[in-house]
Structures are given as C-alpha cells and as structure tokens.
Amino acid sequence: MDRVLSTFWQLLVPGLEVLLIAFFAYYLIAFFWNTRAKDLTFGLFALFVIYLLSGWFNFTVLNQLLQNMINLSFMALIILFQPEIRLALSKFSVRGRGGKDFPDFDLFLTNLCNAIYFLADRRIGALVVLENQDTLEEYASTAVRIDAKFTPELLESIFMTTTPIHDGGVVIRGDRLLSAATILPLAAEESSQLFRSMGTRHRAALGISQETDAVTIVVSEETGKVSIAKDGIMTRSIKADRFKEILRSIFRPDSNETGGSLTFLERVKAWSQ
C-alpha cells in the first residue's frame, strides 16, 4: 500500500508543479497585458529564447553575455515597474470581493448618479474615486479631510468652481466622503489608454486605477461626458442609464446578471450591447 501511495505521489507532484507554473504564468501575462510592461515582457521573452538557443548551439560568448543581461534585466524590472509589481501582488489575494458592504448601497448609487449627471449637464469638471478593497488612506490623509456622510449636495458643492477645494479628486469610502482636493498619481505616459485630448483629471483617474483597485469617475469640463476608469482601463461617454448598472456590476456582482467573474472591460461591453 505504501509503495502504491509513493508511486501515486511521485506522479502527482510533477503534475501539480506544472499546474502551478501555468497558473503563475497566466496570471502574470493577464495582468501585464494592458500595461506599459507588455512590450518589455515580450522583449525579455525573446531574449530568453535566444539565450536558450545560444546554449543549445554552444555559442559560449553570446550565452555568457545574454546570461549577464538577463540577470541585470530582472533587477532593473523590479526598480522600473515597482508600482505594477506592487499592484499585481496586492491583487493576488484569496479574499472575496467585498463590495460596498453597507445597507443603503442602492440609495447611495442613485444619489451618486444624480450628482454626477447634475455636474455633467452643467459641464462642471469632477473627479470621484470610490474606494474598493485597496485602502486609499495614504491619498486621503494628505488632502482636505471631510469625513462626512455622502450627499449629492455635498459632492456638487465641492466641485463648484467658486470653492477653493474643487481641484483634485474626492475620495469616497462606503457611504462617507473622506476627502476633497486629493492629489492622485498621473497615468504613465506609456499607457495605451492615454489620448492627447485627455486632461489632468482623466490622467489622474487612470493613474489611481493602475495603482489600486479603486473605481474612478470623471466628468469632463469641456464636453460634460462621464467616464469610468478601473484596472487601468477607461471607458468614456457613459450614459446615465448605464452608469448605475456598471457600478453595481463592480461592487455587487452577485446581484447582476453579468456575473462576478467578468472583467471591468467585459462588463462594460456587456452593458453596451
């Protein structure tokens, strides 16, 4: 019996090892696919293939040079792509999606929608960040602290151009407005989501969505159009009738017909059909 178990275990271990390697490879490729690191990832892969071929054909000098380059490349990657690596590790978690775990989520969503499209109709620029599972305390702590229950009137008054705190973003945690005039990181210039027509608000919305799992809402001052950014992807010109459905699918996926396993981009495409 022990011999059978030992043989079974010897056969099982390589299979588990292959599955784990495949899982990590898939996770890394899926994460970096829509980031500035995608092209560099392909370049490193090509370099690694050439390195293997140089060893196969016994090109000693070339093999040694490539080995040194690969060793230095991994050190450079850790330095250059520290934000992306930190985000990848923070998302690699076994916890479930917490969503907005307060009782009046639907009321909050309705009030938020009314406030956003009130500003949009009047072409008043706005930047609203909804905290998800990654904490935004480091950004809120350096801004103008509000820490008040969210109301449409409060949000609208903050972004009126006559107020001294209308610049920057607003951070919302649950149904409480944490801070105003919040300075957010701008998206990297290499991001494929950037367009010349984008202003500072849109770049900041993309930037914070690249570094955290927050959902960011932008109202364009020039066009009055509403955009939503998540996971480094921005969807623009969202109509009011789709706004609540998209946010509900993100924070309450179990109650939405699109399901909780879809990505943000897949949800947006589903609502657009």
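A short reminder: the numbers here are calculations on the coordinates, not readings from a lab. Nothing here was measured: the structure is a model prediction, and the numbers come from that model. Every residue, glycine as well, gets a Cβ built from its backbone with ideal geometry; the counts of neighbours run over all protein chains shown.
Computed extension gain for LEU12 through THR223, at 0.36 nm per residue and net of the alpha carbon distance, reaches 70.0 nm.
What FRET efficiency comes out for the pair PHE74/ILE21, r = Cβ-Cβ distance, R0 = 22 Å, nearest 0.05? Could the numbers behind the result be given before it?
Details: r = 17 Å, r/R0 = 0.78.
With R0 = 22 Å, the Cβ-Cβ based efficiency is 0.80.
Rounded to the nearest 0.05, the FRET efficiency derived from the C-beta distance between THR161 and SER141 at R0 = 30 Å is 0.70.
Computed extension gain for PHE48 through ILE183, at 0.36 nm per residue and net of the alpha carbon distance, reaches 44.6 nm.
Sorting TYR117, TYR139 from the fewest to the most surrounding beta carbons within 10 angstrom yields TYR117, TYR139.
The modelled label-to-label distance between PHE57 and ALA148, using points 7 Å beyond Cα along the C-beta direction, is 7.1 nm.
Estimated from the Cβ-Cβ distance and a Förster radius of 41 angstrom, the FRET efficiency linking ASP134 and GLN64 is about 0.45.
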